[in-house]
1. Do you know which of the residues in the range 120-169 that are within 16 Å of the ligand (Cβ to nearest atom) and of a type outside the set (A, V, I, L, M, F, W, C) is nearest to Thr32 (Cα to Cα)?
2. Return the total of residues in the range 231-257 being farther than 23 Å from Asp55 by Cβ and of a type in the set (Phe, Trp, Tyr).
3. Need pairs with beta-carbon distance below 6 Å; first residue under 15 Å from Gly87 (Cα atoms) and within the range 46-72, second modelled with pLDDT of 95 or more and among the charged types (D, E, K, R); sequence gap 6+ or separate chains.
4. Looking only at the range 54-90, how many residues end up being more than 16 Å from the ligand (Cβ to nearest atom), surrounded by fewer than 17 Cβ atoms within 10 Å (Cβ to Cβ) and assigned to a loop (DSSP other than H, G, I, E, B)?
Amino acid sequence: MRRLGIWLTALAVLLGCLATCGAAAPTDVPETVALPAAVDGWQDSYLAFVANDYDILAALWPDGLGGVGFIDLDLDGTPEMVAFDQGASAALGAQIFDLADGQVYCVSSTLDSAAGAFDDTYLSGVSVCTSFFESFRLSRTQDGWCFWVDSSNGTDQTSWDEIVRFNGRDGVLAPVSTCYRYLEFDPVSGVVVSESYTVAGAGADATAYQAAADVYQGALDAGYEAKGVFLWDDYDRYSAGRDGLLTMVKDALTAYVPITDTVTLASPVE
Ligand SMILES: [Ca+2]
């Protein structure tokens, strides 16, 4: 039994090393992230926005929104609302809304027309395509804790990836493009015939792109799983129209997973 115990101890040490040694070791970044309390009434603010601006939402997405979830992407204690469209390509388009002084603003949209439909005071030029709430990752990078997402989409002849980091500016979510890759394929052979890259918005090569992506893809992941609800979870419950969308938002509020010490410290994995 004693020998078994020694082996188990050695195995635990080895696994611990594998879990931490391969990732970039953040320096001077605290092991925990301390968030302020959410602003009072944030749930009601989002519900009121959806109820009052339903006609705008219905005009922009006439087939209805595909999903709603809440994630505190800029780690200021109050979650943003992430609403997916129903997708016309490989990935869904994310529409992201944040609160400022009790008012809801669209801060990111895959639709150009969102700029004219909503107050665009805080609307970013960076948008996100992904299909899952869990794609938004909370990581401890060398530059600090942050949410990021590998936003990607494509066709049979093109594909692109963009690592989007979520910062905050003046108390409002500010998505930032850290690096971007665009590939074109020969439709017959599948061979890449054209490629282009940017890092921090400036032209770059594949090596620089991968180095910038590794800052996030190689960071320590907190294991946080954001949750939301999708239209296809229950078509009857989320029936077309104002009431169905409001029910979806209410269910998403229930599904919201606040970021707590328990969540962020749940044995970070690489
Ligand atoms: Ca927030």
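The values are calculated or read from the model by the stated rules, or taken from the named source; none is laboratory data. This is a predicted model, so every value here is computed, not measured. Cβ sites come from the backbone with ideal geometry, for glycine too, and all protein chains shown count toward neighbours.
1. Among those residues, the one meeting the criterion is Gly144.
2. Summing the residues that are farther than 23 Å from Asp55 by Cβ and of a type in the set (Phe, Trp, Tyr) in the range 231-257 gives 2.
3. Trp61/Asp85; Gly66/Asp85
4. Residues flagged as more than 16 Å from the ligand (Cβ to nearest atom), surrounded by fewer than 17 Cβ atoms within 10 Å (Cβ to Cβ) and assigned to a loop (DSSP other than H, G, I, E, B) within the range 54-90 amount to 7.
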